[in-house]
Amino acid sequence: MATVEASTLAIGAVATPIGDLTVLASARGVREVRWGRERGGGNRPEPKAGEHLEHAIAQLGEYFRGERREFDLALDLEGTEFQRLVWSELARIPFGATSTYGATAEAIGRPAAARAVGAATGRNPAPVIVPCHRVVGASGSLTGFAGGLGTKRALLAHEAEVAGTGRKGRLPGF
């Protein structure tokens, strides 16, 4: 995959109940979602990158308001073939559900690769959109998450409540 110059990326931030997120998009799709608020710094993104950014910010807002369960966005994620395979599988985990690293490894045809799946999950460049927060330990325990375990717990509780699975714990602002 060819690397896109940072100056062609559209960069924008969105306020969410779990804190600000910064979205980066190329002309091909969403490149990254970062924790915190960043600015574009005077770059000149391609017009298509701006469209992808606008769609991502709108869909993240819908997700956090409980109006969206699946993201319908073009993605332009950079990673190894294995990482992209794992991220693709993470996107298949249904809203309001969880999976394990082992189950994800089996789903991609690599049943002995649970640890490698964990490493790829930890390198997910687009959290929330690619729902790595839906992956838990084999015992069902919450495991590492770049946004912190409290954020992971809040995202899972939000999805459970919106999905109507009975668990409580909506995020403030819903």
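Some observations on this one:
- Sole exception among (1) buried (at least 22 other Cβ atoms within 10 Å of the Cβ); (2) touching a Gly at 6+ places or on another chain (Cβ under 6 Å); (3) at pLDDT 95 or above for Ala56, by number: (2)
- Taken over the range 1-25, the criterion of being surrounded by 15 or more Cβ atoms within 10 Å (Cβ to Cβ), assigned to a loop (DSSP other than H, G, I, E, B) and either modelled with pLDDT of 95 or more or hydrophobic (A, V, I, L, M, F, W, C) (or both) is satisfied by Val4, Leu9, Ile18.
- Checking each residue in the range 60-79 for being out of contact with any strand residue (DSSP E or B) (no Cβ under 8 Å at 6 or more places or on another chain) and either in contact (Cβ under 8 Å) with a residue 24 or more places away in the chain or among the acidic types (Asp, Glu) (or both) picks out Glu62, Tyr63, Phe64, Arg65, Gly66, Glu67, Arg69, Glu70, Phe71, Asp72, Gly79.
- When the criteria are applied in full, Thr80 fails the requirement of being hydroxyl-bearing (Ser, Thr, Tyr) and within 16 Å of Val128 (Cα to Cα).
- Test for Val23: is it in contact (Cβ under 8 Å) with a residue 12 or more places away in the chain, under 13 Å from the mean Cα position of the chain (by Cα) and more than 24 Å from Val136 (Cα to Cα): yes
- Matching option when the condition is modelled with pLDDT of 90 or more and closer than 20 Å to Arg69 by Cβ, among Arg170, Arg153: Arg153
- Candidate set: the range 114-138, residues that are in contact with a Ser or Thr (Cβ under 9 Å, 6 or more places away or on another chain) and of a type in the set (Gly, Ala, Ser); chosen: the one nearest to Ala56 (Cα to Cα): Ala120
- Ala49 fulfils the conditions (1) modelled with pLDDT of 95 or more; (2) out of contact with any Pro (no Cβ under 6 Å at 6 or more places or on another chain); (3) assigned to a helix (DSSP H, G or I); (4) open to solvent by less than 30 Å² (accessible area, probe 1.4 Å) except for a single criterion, (1).
- The criterion of being under 19 Å from Arg34 (Cα atoms) and in contact with a strand residue (DSSP E or B) (Cβ under 7 Å, 6 or more places away or on another chain) does not hold for Val130.
The values are calculated or read from the model by the stated rules, or taken from the named source; none is laboratory data. What you see is a predicted model, and the numbers here were worked out from it, not measured in a lab. Ideal geometry is used to build each Cβ from the backbone, glycine not excepted, and the neighbour counts take in all protein chains shown. Calculation scope for accessible area: heavy atoms of the full protein, side chains included, ligands and nucleic acids excluded. Shrake-Rupley method; radii C 1.70, N 1.55, O 1.52, S 1.80 Å.
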